[in-house]
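Notes follow the structure.
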Amino acid sequence: DAEKPMISKLTNRREVVSVVIYGETSEKVLREQAEQIRDDLLELDNITQVDLSGVRPFEITIEIPEETLRRYQLTLQQVANRISTASLDLPAGSIETSGGEILLRTKQRRYWGPEYADIVILSQADGSEVKLGEIANVIDGFADNDTYARFDNQPAAMVKIFRIGDQKPTEISQQVIDYVELKQQQLPDSLQLAIWNDTTEIFNSRMSLLQKNAMLGLLLVLVILGLFLEIRLAGWVMLGIPISFLGTLLFMPWLDVSINMVSLFAFILALGILVDDAIVVGENIYDHRQQGKPYGKAAIDGALEVAVPVVYAILTTVAAFLPLIFVEGMMGKFIKVIPIIVIALLLASLVESLFVLPAHLSGGKPRPDNGGLLARIDRVRKLFGRGLEKFVNGPYQWLLKLNLNYRYASLAVGITMLILTVGVVKNGLVKFSFMPEVDGDRITVALTMNRGVPIEETERVTELILQKGQETVAEYDAERPEGDSILRNIYSIVGGTIPGGGPGGGRSTTASHVSNIAMYLTESEQRDIPATQISNTWRAKIGEIPGVDSLTFRSNLVRMGANIDVQLAHKDFAVLEKAADRIRATLSEYQGVFDIEDTYARGKQEIKLKLKPAARTLGITEAELGRQVGSDL
């Protein structure tokens, strides 16, 4: 009597982007449109995982008045049994015939309200029938879980798109954005579509930062080296950066590393140390050229002369990053990408500086001063070169001799600086943070009321928090040019939670005492106000709200859990609850301590029923008592 089983495999999926459909319309229209969008997105290439959020599941409700049950001498249990026996999809075996095997099946599964209304509940001897629709009110509606979502103060439903396996988030995001632009033209004016939580914005921002830093690095290397070395030589040294990047990208598939947020950070980290060895080799080759050697001979002698120190310089840096590969645990899986990328970049840079760069600098010959652009640049370079030489032979040489002549005083100064450095750290002047705060573009507020409160009370507190949030945004917007707001959208769920990230994409929960609010800000590059500052102002405006079990704000891009966890254990839950309340009250008195919450679920009030001994003589059982009370409610 079972339907087709649903078999699924747990995979690590990540949310890429969400589509919000909102407008002043009915919940049924929002749900149907959200399902249509989900089906359309699943037909696109590279999109295989789409979920709905902020909507209640469909449910068929059957209401029968008590007077009607008495008139027909029926009970709710009898009606339920008749409905369950009339709505089924049951195999009945097979028939072997000369033409083959024929399967038998009773296929009467019902899925819609009118189909259930057609079920016969009573059949009389004279052939008359009483159908469910004649005695009951059959409603095609939604599950009674008091959950609804709003987007910019309008009813909304959300469609969440995930990526799995090797799917590229940038491609998925672009497909969804193109679909939204096309779909919006097909919808009535009462419905709107919006992109929400496009995680590729962060990726594109980091990629843009890497490209910007790389271009600035190339330009600075070219300009600074061009002031002291030949401009052509400076150009070849500058090319060490892109060559090292390309070499690392070539080997990334064999290293089982992809282009992601962590690997991009590693590229940015190593960007400043890539050209060090190339500068040393290039400068030494230039020095041999100045000695009158042919370019080929100068390239060989210059590279061989500094090959050993350059190799040791690179290997010592590799040795500094190598231990990070062996970090265990979940943190080690993230950190391991950084040393792999940095070490690959350093080794590629070493090969480029010792083999590729000398080959590039081995050709050519000194060019005469013909008065062209390169000649004018070379005259400027010689001017800076004479200035540097004057500095080296003057102040620098004097200070070096002073340190050598008074070596014990120099050693004492070094030890003193070391002691001062240790003292600064030990005395707390340098703050310690396990994970630095990374400013995000979204502020999430998680509200938990006391269990058992009606949904109306949760809605009232949620509206208060939303009002204070809008007042906070208005204050910051008043200091900005007209039309330039720090806010993009606000999304809220009353009676549920916004699904989080992580393996599986996160799961939402539904309960009348919980609520989530997400304020989506403009990109950090376009906003000079940190999200943490906005969050703190918002929190201060709300103040203390009676009946709230916990109210937490999150604005950081990376969250590693609470800063401090206190674990309590006791056999008596009453004692445990008092201890938890006392600790919360004490911690709240400390300045700077906020978002205090505990994991103790106090539960709802409960009325326990117990069958009296006299009732057993009437043939009443505990199961019948429970079913009857549940039916009456």
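The values are calculated or read from the model by the stated rules, or taken from the named source; none is laboratory data. Because the structure is predicted, anything quoted here is derived from the model rather than measured. A quick note on method: Cβ atoms are made from the backbone with ideal geometry, for glycine too, and the neighbour counts reach across all protein chains shown. Accessible surface areas use protein heavy atoms only, side chains included; no ligands, DNA or RNA. Shrake-Rupley method; radii C 1.70, N 1.55, O 1.52, S 1.80 Å.
Observations on the model:
- Anchor K107: aspartates and glutamates whose Cα lies under 12 Å away (excluding residues fewer than 8 positions away in-chain): D1, E3, D89
- Other-chain or far-sequence residues with amide H under 5 Å of R14's (modelled H): R163
- Taking E457, E479 and ordering them by how much accessible surface each has at a 1.4 Å probe, largest first, produces E479, E457.
- A 1.4 Å probe run over the chain, with the rest of the protein chains in place, finds 62 Å² accessible per residue.
- Extending 7 Å from Cα along the Cβ direction at I607 and again at S550 yields two label points whose distance is 3.1 nm.
- Efficiency of FRET from Cβ geometry, A585 and T532, R₀ 30 Å, rounded to 0.05: 0.70
- Put simply, region 67-174 fits an ellipsoid with semi-axes of 41, 30, 10 Å; these come from the alpha carbon gyration tensor as the roots of five times its eigenvalues, largest first.
- Cβ-defined net charge surrounding Q49, 10 Å radius [Lys, Arg +1; Asp, Glu -1]: +2
- Charge dipole of the chain about the Cα centre (unit charges at C-beta), most positive-ward option of V120, L30, I62: L30
- Solvent exposure ordering (accessible area, 1.4 Å, most first) of D477, D565: D565, D477
- Rounded to the nearest 20, the size of the Cβ-charge dipole of region 247-339 about its Cα centre is 140 debye, with Lys and Arg at +1 and Asp and Glu at -1.
- The alpha-carbon of K297 sits under 25 angstrom from the alpha-carbons of these lysines, leaving out residues fewer than 8 places away in its chain: K365, K382.
- Positive contributions from Lys and Arg (+1) and negative ones from Asp and Glu (-1), summed over other residues with Cβ under 14 Å from the Cβ of V494, come out at -3.
- Pair S128, T25: separation of 7 Å Cα→Cβ label points (nm): 4.5
- For the chain, the residue among L466, G226, L418 whose Cα projects farthest onto the positive side of the dipole built from Cβ charges is L418.
- Region 93-159 - charge dipole about Cα centre, Lys and Arg +1 at Cβ, Asp and Glu -1, debye rounded to 20: 180
- Accessible-area ranking of S123, S18, largest first, probe 1.4 Å: S123, S18
- Every helix of 4 or more DSSP H residues in the chain counts as -39500 (n - 2.57), and over all residues that averages to -15000 deg cm²/dmol at 222 nm.
- If you plug the beta carbon distance of F251 and V318 into 1/(1 + (r/R0)^6) with R0 = 22 Å, you get a FRET efficiency near 0.90.
- Cα-centre dipole for the chain with unit charges at Cβ (Lys and Arg positive, Asp and Glu negative), debye to 20: 2960
- Ratio of Rg to Rh over region 123-282 (Cα coordinates, Kirkwood Rh, two decimals): 1.36
- Length-normalised contact order for the chain - Cα pairs under 8 Å, 6+ apart - percent: 15
- Projected label distance in nm at L400 and S84, using a 7 Å step from Cα toward the beta-carbon: 9.4
- Accessible area (Å², 1.4 Å probe, nearest 10) - S128: 50
- By the rule of a C-alpha distance below 30 Å, with chain neighbours fewer than 8 residues away ignored, the lysines paired with K333 are K9, K160, K168, K212, K431.
- Within the assembled protein chains, the solvent-accessible surface assigned to D572 is about 70 Å², based on a 1.4 Å probe.
- Computed over neighbours whose Cβ is under 12 Å from that of P309, the net charge equals -3, Lys and Arg +1, Asp and Glu -1.
- Phi-based couplings in Hz for region 115-124 (Karplus 6.51, -1.76, 1.60; Gly and Pro marked x): 5, 6, 5, 8, 6, 7, 8, 10, 10, 8
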